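Chemist: One structure is given below, represented as structure tokens, and several questions about it will come after.
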Amino acid sequence: MTARLLDGQKLSVQLQAEIRPAVAAFTARVGQPPGLAIVLVGNDPASEVYVRNKVRSGQDVGFRVDLERLPATVTLTEVLDTVARLNADDRYDGILVQSPLPAALGRGAEQRVFDAIAVGKDVDGFSPESVGLLVQNRAAIAAGTPSGVIELLEREGIPIAGRHAVVIGRSDIVGKPMALLLLHRHATVTICHSKSVDLPALCRQADILVAAVGRAGLVTPDFVKPGATVIDVGINRVTDRAEAERVLGTGHPRFKVFEEKGSVLVGDVHPSVAEVAGALTPVPGGVGPLTIAMLMRNTLAAAGARHPA
Ligand code: GUN
């Protein structure tokens, strides 16, 4: 079997096209476009790329998007002051602080910053109130990556209700909200993590397997029930040749990318899984673009809630 590829890039273009007229209507009605403030602290190379794509997509759908850059040497108080200023600024309907924050800000810094974002502007869905509403299945906004996965499954006609979904990873950003969104759509959900015993056997139960651990090529064919849907949330930069060979094999087209650039982005799912799975998201071009499209949708929803018709 060769898995059907689930094209997140194509769906994200479609979602952007659906959002654009609603943004134009909002702007005409309210007299200002939905506003998104993005805070980037430091210069993490992956975050630079993600943030650039978020700015571009936001502008593309017609938002006002402002990027607030803070140096890696900033104090937590300064980050919190920035968030407080953006909370009070009526031009912004959404605030996104790119994760991860520099380690120098200390453990718990990220949580304190997310806690400080006004709940009505929390377009990431990371605040405790947003998470609480998600647990109770009454959230208007949920985290972008898991929301994008649900959108993809639903639009691809992949049934969720009654199916066994296995999520590898228990992060606040992906694993936990992913499990809740699947549960609310009536899946039977198992969450696996680094202490889970016999991970391949647990994963082989899955009709829908979501890998969100950040370990290149972890999910191999022995993790996958034939015909299962496999969603690869991982985006791992591989810079070691032996690792690139293990994950891709020298014959893979993306191995050429490694040879040219000295690094390559790979998912948590080994490409050989395509021979067992029924459907599979590619990396890149799978879940990544959907995360951004859902952020746009969340920002539009936040703007609509702040300026009801
Ligand atoms: N870092 C990786 N994914 C995300 C996301 O969805 N939102 C934010 N703020 N940071 C991230």
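The values are calculated or read from the model by the stated rules, or taken from the named source; none is laboratory data. Note that the coordinates shown come from a computational prediction; the quantities given were computed from them, not determined experimentally. Glycine gets a Cβ as well: all are built from the backbone with ideal geometry, and neighbour counts include every protein chain shown. All accessible areas refer to the heavy atoms of the entire protein, side chains included, with ligands and DNA or RNA removed. Shrake-Rupley method; radii C 1.70, N 1.55, O 1.52, S 1.80 Å.
Chemist: Taking the range 284-309 only, how many residues are under 16 Å from Gly217 (Cβ atoms) and open to solvent by 30 Å² or more (accessible area, probe 1.4 Å)?
Modeler: Qualifying residue count for the region: 1.
Chemist: While we're here: Taking the range 224-247 as the search range and keeping residues that are over 20 Å from Arg4 (Cβ atoms) and touching a residue at least 40 places away in the same chain (Cβ under 8 Å), which one is surrounded by the fewest Cβ atoms within 10 Å (Cβ to Cβ)?
Modeler: Keep residues of the range 224-247 that are over 20 Å from Arg4 (Cβ atoms), which gives 235-247.
Now narrow it down to the ones that are touching a residue at least 40 places away in the same chain (Cβ under 8 Å): 235, 237.
Details: Ile235: 20, Arg237: 11.
Taking the candidates together, the pick is Arg237.
Chemist: Here's another thing I want to ask about it. Could you list, ordered by first residue, the pairs with Cβ atoms under 7 Å in which the first is in the range 169-183 and at positive phi and the second is outside any helix (DSSP H, G or I) and open to solvent by 40 Å² or more (accessible area, probe 1.4 Å), at least 6 apart or interchain?
Modeler: Gly169/His193; Gly169/Val213
Chemist: State yes or no: is Ala274 within 23 Å of Glu156 (Cα to Cα), more than 16 Å from the ligand (Cβ to nearest atom), assigned to a helix (DSSP H, G or I) and open to solvent by less than 30 Å² (accessible area, probe 1.4 Å)? Lay out the reasoning, then the answer.
Modeler: Numbers: within 23 Å of Glu156 (Cα to Cα): yes; more than 16 Å from the ligand (Cβ to nearest atom): yes; assigned to a helix (DSSP H, G or I): yes; open to solvent by less than 30 Å² (accessible area, probe 1.4 Å): yes.
Yes; evaluated as a whole, the condition is true for this residue.
Chemist: Moving to a separate point now. Here are Thr250, Thr281: which of them is among the polar types (S, T, N, Q), closer than 19 Å to Met178 by Cα and either surrounded by fewer than 22 Cβ atoms within 10 Å (Cβ to Cβ) or within 18 Å of the chain's Cα centre (by Cα) (or both)? Give the derivation first.
Modeler: Values: Thr250 fails: closer than 19 Å to Met178 by Cα.
Of Thr250, Thr281, the one residue that is among the polar types (S, T, N, Q), closer than 19 Å to Met178 by Cα and either surrounded by fewer than 22 Cβ atoms within 10 Å (Cβ to Cβ) or within 18 Å of the chain's Cα centre (by Cα) (or both) is Thr281.
Chemist: Let me ask another. Given the structure, is Asp207 surrounded by fewer than 16 Cβ atoms within 10 Å (Cβ to Cβ) and of a type outside the set (Phe, Trp, Tyr)?
Modeler: Working: surrounded by fewer than 16 Cβ atoms within 10 Å (Cβ to Cβ): no; of a type outside the set (Phe, Trp, Tyr): yes.
No, not satisfied.
Chemist: From the residues in the range 76-100 that are open to solvent by less than 70 Å² (accessible area, probe 1.4 Å) and among the hydroxyl-bearing types (Ser, Thr, Tyr), which one is nearest to the ligand (Cβ to nearest atom)? Lay out the reasoning, then the answer.
Modeler: First pass over the range 76-100, keeping only residues open to solvent by less than 70 Å² (accessible area, probe 1.4 Å): 76, 79-80, 82-84, 86-87, 89, 92-99.
From what is left, the residues that are among the hydroxyl-bearing types (Ser, Thr, Tyr) are 82, 92, 99.
Working: Thr82: 14, Tyr92: 15, Ser99: 4 Å.
Here the residue is Ser99.
Chemist: Same structure again: State all residues of the range 102-133 that are within 18 Å of Tyr92 (Cβ to Cβ), assigned to a helix (DSSP H, G or I) and open to solvent by less than 50 Å² (accessible area, probe 1.4 Å); if no residue qualifies, say none.
Modeler: Val113, Phe114, Ala116, Gly120, Lys121, Ser130
Chemist: From the residues in the range 253-268 that are open to solvent by less than 10 Å² (accessible area, probe 1.4 Å) and not in a loop (DSSP other than H, G, I, E, B), which one is farthest from Glu154 (Cα to Cα)?
Modeler: Here is the first cut: in the range 253-268, the ones open to solvent by less than 10 Å² (accessible area, probe 1.4 Å) are 255, 264, 266-268.
So of that shortlist, the ones also not in a loop (DSSP other than H, G, I, E, B) come out as 255, 264, 266.
Working: Phe255: 32, Val264: 30, Val266: 25 Å.
Residue satisfying both the conditions and the ranking: Phe255.
Chemist: A further question follows. Given the criteria open to solvent by less than 80 Å² (accessible area, probe 1.4 Å) and not in a helix (DSSP H, G or I), does Leu40 qualify? So that I can check it myself, show each step before the final result.
Modeler: Working: open to solvent by less than 80 Å² (accessible area, probe 1.4 Å): yes; not in a helix (DSSP H, G or I): yes.
When the stated conditions are applied, Leu40 passes them.
Chemist: Continuing with the same structure: Scan Val30, Val13 and give me the residue that is open to solvent by 10 Å² or more (accessible area, probe 1.4 Å) and over 22 Å from Ala309 (Cα atoms).
Modeler: On the way: Val30 fails: over 22 Å from Ala309 (Cα atoms).
On inspection, the qualifying residue turns out to be Val13.
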